[in-house]
Amino acid sequence: MREDNITQKLIEYKKNDTDKSFMDQNALNAILGEKCLWISPKFNMMATCSPETIYELLKTENSIQSIANFYEIPESEMQSAWKAPAILHVTSETKAWKNMNAAQIDEWLEYSLPDDSLKVAKNYCVSLKNDIEKQQNDFYIKVYEQISNLQQQLNQTYSLLVNTRHRTLYGACAWVFNKIFRHNKK
């Protein structure tokens, strides 16, 4: 890496990379290209990738075989990697140490420390609380907008009644309006 100045090349590539979805992976793939040694996928099994997900990505009839062919391994080894990965790469935004809905949460909790599990539960509760507060705020905003619209309509109606030539009708409506909406006791 030092001889080929790989570190600097990776940094420069990433500075100009417009695709921010794979922070280091894009740069490594672009700079190293074919100069890498492929190891078994069981050492980098992605938590969010199942045979079904891979099938959707590749749209091939036998996606497991396609991946096995890429790694130049038998299909049985690929299936074994999915069933029992040696290293599980958490590639999604929903991390097991932050959210109880994360992929492979059961496996993570099995190997995490009790304190870690408590942190996950706490983070999950905070996340739920934030979601509920946002929903409440959205609801209050909608109710406020509806009340404001109703108040504007009532004010327009009141203004129309004040300016009408039918004073008898105006008097009756003004009395009702004041009694109901302005709480005048007269």
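The values are calculated or read from the model by the stated rules, or taken from the named source; none is laboratory data. Because the structure is predicted, anything quoted here is derived from the model rather than measured. Reconstructed Cβ throughout: ideal geometry from the backbone, glycine too, with neighbour counts over all protein chains shown. Only protein heavy atoms, including side chains, enter the accessible area calculation; ligands, DNA and RNA are left aside. Shrake-Rupley method; radii C 1.70, N 1.55, O 1.52, S 1.80 Å.
Select from region 9-37 the residues that are more than 18 Å from Thr91 (Cβ to Cβ) and open to solvent by 80 Å² or more (accessible area, probe 1.4 Å) and list them in ascending order.
Of everything in region 9-37, those that are more than 18 Å from Thr91 (Cβ to Cβ) and open to solvent by 80 Å² or more (accessible area, probe 1.4 Å) turn out to be Lys9, Lys15, Asn16, Thr18, Glu34, Lys35, Leu37.
Restricting region 78-90 to residues that are under 25 Å from the mean Cα position of the chain (by Cα) and surrounded by fewer than 16 Cβ atoms within 10 Å (Cβ to Cβ), which is modelled with the lowest pLDDT?
Checking each candidate, the answer is His89.
Working only within region 2-42, note down all residues that are over 24 Å from Phe70 (Cβ atoms), within 30 Å of the chain's Cα centre (by Cα) and not aliphatic (A, V, I, L, M).
Glu12, Lys14, Lys15, Asn16, Thr18, Lys20
Of the conditions (1) under 21 Å from the mean Cα position of the chain (by Cα); (2) polar (S, T, N, Q); (3) at pLDDT below 80, Ser117 satisfies every one except a single condition; which number is it?
(1)
From the list Ile39, Ile31, exactly one residue is modelled with pLDDT of 80 or more and not in a helix (DSSP H, G or I). Which is it?
Sole residue among the options that is modelled with pLDDT of 80 or more and not in a helix (DSSP H, G or I): Ile39.
Identify the single condition in (1) more than 30 Å from Lys20 (Cβ to Cβ); (2) aromatic (Phe, Trp, Tyr); (3) within 28 Å of the chain's Cα centre (by Cα) that Tyr124 does not satisfy, given that it satisfies every other one.
Every condition holds for Tyr124 apart from (1).
Would you mind finding the one in Glu133, Glu75, Glu145 that is among the acidic types (Asp, Glu), modelled with pLDDT of 75 or more and surrounded by 14 or more Cβ atoms within 10 Å (Cβ to Cβ)?
Going through Glu133, Glu75, Glu145 in turn, just one is among the acidic types (Asp, Glu), modelled with pLDDT of 75 or more and surrounded by 14 or more Cβ atoms within 10 Å (Cβ to Cβ): Glu75.
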